[in-house]
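Novice: Sending over a structure as structure tokens; questions will come in a sec.
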Amino acid sequence: MIYLDFAATTPMSETALQAFIHTSKVFFHNTESLHDGGLNAKDLLEHGRTSLANLLGIEGEGIYFTGGGSDGNFLAITSLAFGAQKKGRHIITSNIEHPSVEYVLTFLEKNGYEVSRIPVNNNGKISIDQLQATIRKDTILVTIQHVNSETGMVQDIKEIGTFLADKDILFHSDCVQSFGKYSIDYFSSAFINSFTVSAHKIHGPKGTGAVYISPSVHIKPLLSDVTHERGFRPGTVDMPSIVAFVTAADEYISKQPVVFQHAEDMRKRFLSLILTNKDIIFEGKADSSPFIIPIRILGMEGQIVMQELNRRKIAVSTGSACKNGQQEPSKALLAVGRTDSEAHGLVRISLSHQTTIEDITMLGKALNEITNKFRSVSEVLSR
């Protein structure tokens, strides 16, 4: 099987896997236990927190380990919203956010908050002018993703964060698809108050991630009197997964420029293979994430293309793994002006440093075969 669905999940690296096994054997104790085993596990937890903070150049005090990206988005956004509710209850977001962000915003709307969803332009970008026009006196929080999980469109979170800092409005970003892939400069606390990352997108374990919230920000977690993670999240801390996560992050971030360039090279190779095929539409942009390649084939449902590729032992997806199987058109493509039919055609190819030229060549060959076959069938039926 040629695996090209890395935006959905990645296999654990051997280094992370060995770290997981070792920690499971030696540091299996509860971090809140007061015996030597618990204290040693607690020390390892804090070492992991400090190590992750050092990798990103931020304060360790602001890092909270979570159950992954969706869990992190819920915990961060609710904690920020409840912490700032004395100032107001108005939140701004985009109309292309990840489902996990939409879920928590819907939850907040049911609990007395008002959410404004501003549209992106035809390039999939947030306009500062549109953001400015939407801000009110009671606006307390803006949550905008860094990289879109369906199309790879990249928001300028530095510009957005700097603008909001001048307005004294909190800024959260879902950075699950950019963490480890983009320079650590993007995660500086100078312009971002909070962000969410996930382990299994960078060859770490599933069910683990982290949230950063600037220590200068007042937060109020949904649940009070919680023991673990300094009251941010309930439940016994998963030490093996956290150690494996930090190990994977160290491994991935250390080679970030090389990994990014490799993804760009693979994307260029792929685009060269489909350049003359007028039936294949590339829905990305030159400045979109090279790790996510959104395409559609004229006249074909994305699910059909995915199944045809699967028969050829090539794994891709039709968009966010959190929404797959629901047969809904791509929200990101609809937002940039595509019709329902066109948005249903989305096929997401996503890359990693493990992707090879041979993988991309086989993919290009398979897509050209699929379009030729579909074209031939269409011609017969139209006679």
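Novice: Just the projected area, averaged over all directions, of the convex hull on the alpha carbon atoms of the range 71-221: how many nm²?
Specialist: Mean projected area for the range 71-221: 8.5 nm², to one decimal.
Novice: Follow-up. For the range 248-316, what log10 I(q)/I(0) values come out of the Debye formula at q = 0.16, 0.19 1/Å, with one point per alpha carbon and no solvent?
Specialist: Calculated log10 I(q)/I(0) at the listed q: -0.70, -0.89.
Novice: Mind listing the long-range amide H neighbours of Thr66? Cut-off is under 5 Å, sequence gap 5 or more, other chains count too, H placed in the peptide plane at 1.01 Å from N.
Specialist: For Thr66, the qualifying residues are Gly209, Ala210, Val211.
Novice: While we're looking at this one, here's another question. Run through the DSSP bridge list for the chain and note the antiparallel percent, rounded to the nearest 5.
Specialist: Around 50 percent of the beta bridges assigned by DSSP in the chain are antiparallel ones.
Novice: Right, here's the next one. Could you give me the ³J(HN,Hα) list for the range 248-257, computed from phi with Karplus coefficients 6.51, -1.76, 1.60 and θ = phi - 60°, whole Hz, x at Gly and Pro?
Specialist: 5, 5, 4, 5, 6, 5, 5, 10, 3, x
Novice: Still on this structure: Sort largest first and round to whole Å: the equivalent ellipsoid semi-axes of the range 29-97, each the square root of five times a Cα gyration tensor eigenvalue.
Specialist: 31, 15, 12
Novice: So, in Å, what gap is there between the alpha-carbon centers of the range 17-59 and the range 81-137?
Specialist: The distance from the Cα centre of the range 17-59 to that of the range 81-137 comes to 35 Å.
Novice: Can I ask one more? Using the heavy atoms of the protein chains alone and a 1.4 angstrom probe, what is the accessible area of the chain per residue in square angstrom?
Specialist: Computed with neighbouring chains in place, this is 43 Å² per residue.
Novice: A follow-up question, please. By the scheme Lys and Arg +1, Asp and Glu -1, what is the net charge of all other residues having a beta-carbon under 12 Å from that of Asp36?
Specialist: 0
Novice: Follow-up question, since we're still on this one. Sort 3-16, 345-358 by the packing proxy (mean of other Cβ within 10 Å over each peptide's residues), most packed first.
Specialist: Top to bottom by mean Cβ count within 10 Å: 345-358, 3-16.
Novice: If you don't mind, another one. Express the carbon and sulfur contribution to the solvent-accessible surface of the range 60-138 as a percent, rounded to the nearest whole number, probe 1.4 angstrom.
Specialist: Whole-percent figure for carbon plus sulfur exposure: 48.
Novice: Next question, about the same structure. Which peptide among 252-258, 33-39 comes first, and what is the full order, when sorted by highest mean count of other Cβ atoms within 10 Å?
Specialist: Result, highest mean first: 252-258, 33-39.
Novice: Ratio to report: Rg/Rh of the chain, with Cα atoms as the point set and Rh obtained by the Kirkwood method; give two decimals.
Specialist: 0.99
Novice: Enumerate the aspartates and glutamates that Lys365 could reach by cross-link, defined here as Cα to Cα under 17 Å, with residues fewer than 8 away along the same chain left out.
Specialist: By straight Cα distance, Lys365 reaches Asp279, Glu308.
Novice: Under a no-solvent Debye model with one identical scatterer per Cα of the range 95-168, what's log10 I(q)/I(0) at q = 0.21, 0.26 Å⁻¹?
Specialist: Once normalised to I(0) and log-transformed, intensities are -1.05, -1.43.
Novice: If you don't mind, there's one more thing I want to ask. Would the range 187-229 count as rounded, prolate or oblate if I go by the C-alpha gyration tensor, calling it rounded below 1.5 in a/c and otherwise prolate when a/b exceeds b/c, oblate otherwise?
Specialist: Oblate, because a/c is 1.5 or more while a/b does not exceed b/c.
Novice: Moving on to the next point. Can you work out the base-10 log of I(q)/I(0) for the range 29-145 at q = 0.24 1/Å, using the Debye formula on its C-alpha atoms alone?
Specialist: The Debye formula, applied to the Cα set alone, gives -1.27.
The values are calculated or read from the model by the stated rules, or taken from the named source; none is laboratory data. Since this is a predicted model, take the numbers as computed values, not measurements. Neighbour counts are summed over all protein chains in view; Cβ atoms, including those assigned to glycine, are modelled from backbone coordinates with ideal geometry. In case anyone asks, the SASA skips ligands and DNA or RNA and just uses the protein heavy atoms, side chains included. Shrake-Rupley method; radii C 1.70, N 1.55, O 1.52, S 1.80 Å.
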